[in-house]
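**Q** Got a structure here, written out as structure tokens. Questions coming.
No lab work stands behind these numbers, since they all come straight from the coordinates. The model shown is predicted, which means the values in this text are computed figures rather than measured ones. We place every Cβ from the backbone using ideal geometry, glycine too, and count neighbours over all the protein chains shown.
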Amino acid sequence: MDTKAYVDNYLKETIKIAESVSQEEIAKAVEILRDIKAKEGRLFILGVGGSAANASHAVNDFRKIGGIETYAPTDNVSELTARTNDEGWDTTFTEWLKISHISEKDAVMVFSVGGGSETTSQNIVKALKLAKERGARVLSIVSRTGGYSKEVSDACVLIPVVADERITPHAEGWQGVVWHLIVNAL
């Protein structure tokens, strides 16, 4: 495929996603975060790989624009790597959330392509189990089937798969579209 055709195709896929992403789930996420903000709760954003980079950017926006106390455990690389080295990758987010005293006033937002499962992103899966045990709300922006994140989310924005070979770029790109929409609706 030549470059112009590729660009045209990618943008058509983007339009397809825009036309089919759940506006109801986005609105539900906004309402949950308005409630968290009113109760002076905190937002913890979890992501790995490109989604971790998105989490870092989103922390800034939710704090500065949205007025919600927000953190991403991946922003502290020293703690993240120490926990990975000493305790293992699977519990990096769980142990971080325990130290942060996550509670029913708080929310966890997951940015993930697959959402976690029995075999992938166990640090996200275990963190969500802890969040639910502690009564925190769960929000997610995920793709594919949504994985474990979709199963336990109070609001799940599922980015539709429109091209198997571009699941990750669309999922991670749309995380940005959706969180910016949410932040500016608060």
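**Q** Among the helices (runs of 4 or more DSSP H) lying completely within region 1-116, list those that include at least 3 residues that are under 17 Å from residue 179 (Cβ atoms). Walk me through how you get there before you give the answer.
**A** Details: elements: 3-20, 23-38, 50-64, 77-87, 92-99.
Helices (runs of 4 or more DSSP H) meeting the threshold: 3-20, 23-38, 50-64.
**Q** With respect to residue 120, is the statement that it is without any contact (Cβ under 8 Å) to a residue 40 or more places away in the chain and over 24 Å from residue 28 (Cα atoms) true? First the steps, then the outcome.
**A** Working: without any contact (Cβ under 8 Å) to a residue 40 or more places away in the chain: yes; over 24 Å from residue 28 (Cα atoms): yes.
Considered against the rule, which asks whether it is without any contact (Cβ under 8 Å) to a residue 40 or more places away in the chain and over 24 Å from residue 28 (Cα atoms), residue 120 comes out as yes.
**Q** Would you mind telling me which numbered condition in (1) assigned to a loop (DSSP other than H, G, I, E, B); (2) within 17 Å of residue 53 (Cα to Cα) residue 168 fails?
**A** Of (1) assigned to a loop (DSSP other than H, G, I, E, B); (2) within 17 Å of residue 53 (Cα to Cα), only one is false for residue 168: (1).
**Q** Please determine whether any residue of region 5-14 is more than 16 Å from residue 110 (Cα to Cα), crowded, with 19+ Cβ neighbours inside 10 Å and more than 13 Å from the chain's Cα centre (by Cα).
**A** Initial filter on region 5-14 (more than 16 Å from residue 110 (Cα to Cα)): 5-14.
Imposing the further condition that a residue be crowded, with 19+ Cβ neighbours inside 10 Å reduces the set to none.
Checked region 5-14: no residue is more than 16 Å from residue 110 (Cα to Cα), crowded, with 19+ Cβ neighbours inside 10 Å and more than 13 Å from the chain's Cα centre (by Cα).
Matching residues to (1) acidic (Asp, Glu); (2) within 15 Å of the chain's Cα centre (by Cα):
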residue: 27; (1), (2): no, no
residue: 37; (1), (2): no, no
residue: 62; (1), (2): no, yes
residue: 66; (1), (2): no, no
residue: 69; (1), (2): yes, no
residue: 72; (1), (2): no, yes
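**Q** If only one of 140, 149 is assigned to a helix (DSSP H, G or I) and buried (at least 22 other Cβ atoms within 10 Å of the Cβ), which one is it? Even if it seems obvious, please write down each step before you answer.
**A** Details: 140 fails: assigned to a helix (DSSP H, G or I).
Result of the check over 140, 149: 149.
**Q** Okay, next question. Please verify whether residue 16 is closer than 21 Å to residue 153 by Cα, charged (D, E, K, R) and in contact (Cβ under 8 Å) with a residue 24 or more places away in the chain, treating the condition exactly as stated. Lay out the reasoning, then the answer.
**A** On the way: closer than 21 Å to residue 153 by Cα: no; charged (D, E, K, R): yes; in contact (Cβ under 8 Å) with a residue 24 or more places away in the chain: yes.
So residue 16 fails the test.
**Q** Which of the residues spanning region 127-137 are on the phi < 0 side of the Ramachandran plot, surrounded by fewer than 22 Cβ atoms within 10 Å (Cβ to Cβ) and either outside any helix (DSSP H, G or I) or in contact (Cβ under 8 Å) with a residue 60 or more places away in the chain (or both)? Even if it seems obvious, please write down each step before you answer.
**A** So the first thing to find is which residues in region 127-137 are on the phi < 0 side of the Ramachandran plot, and the list is 127-134, 136-137.
So of that shortlist, the ones also surrounded by fewer than 22 Cβ atoms within 10 Å (Cβ to Cβ) come out as 129-130, 132-134.
134 - this is the single residue of region 127-137 that is on the phi < 0 side of the Ramachandran plot, surrounded by fewer than 22 Cβ atoms within 10 Å (Cβ to Cβ) and either outside any helix (DSSP H, G or I) or in contact (Cβ under 8 Å) with a residue 60 or more places away in the chain (or both).
**Q** Does residue 48 satisfy being within 12 Å of the chain's Cα centre (by Cα), within 24 Å of residue 115 (Cβ to Cβ) and free of Cβ contacts under 8 Å to residues at least 24 places away in the same chain?
**A** Working: within 12 Å of the chain's Cα centre (by Cα): yes; within 24 Å of residue 115 (Cβ to Cβ): yes; free of Cβ contacts under 8 Å to residues at least 24 places away in the same chain: no.
The answer is no for residue 48.
**Q** Which pairs have Cβ atoms under 7 Å, sit 6 or more apart or on different chains, and link a residue in region 160-174 that is in contact (Cβ under 8 Å) with a residue 12 or more places away in the chain and under 11 Å from residue 21 (Cα atoms) to one that is of a type outside the set (Lys, Arg) and loosely packed, with under 15 Cβ neighbours inside 10 Å?
**A** 160/20
**Q** List the pairs whose first member sits in region 76-97 and is closer than 9 Å to residue 123 by Cβ, whose second member is assigned to a helix (DSSP H, G or I) and of a type in the set (Gly, Ala, Ser), and whose Cβ atoms are under 8 Å apart, counting only residues at least 6 apart or on separate chains?
**A** Every condition considered, the pairs that remain are 93/127; 94/127.
**Q** Quick one: would you say residue 76 is of a type in the set (S, T, N, Q) and over 16 Å from the mean Cα position of the chain (by Cα)? Break it down stepwise before answering.
**A** Numbers: of a type in the set (S, T, N, Q): yes; over 16 Å from the mean Cα position of the chain (by Cα): yes.
Taking the combined requirement at face value, the residue satisfies it.
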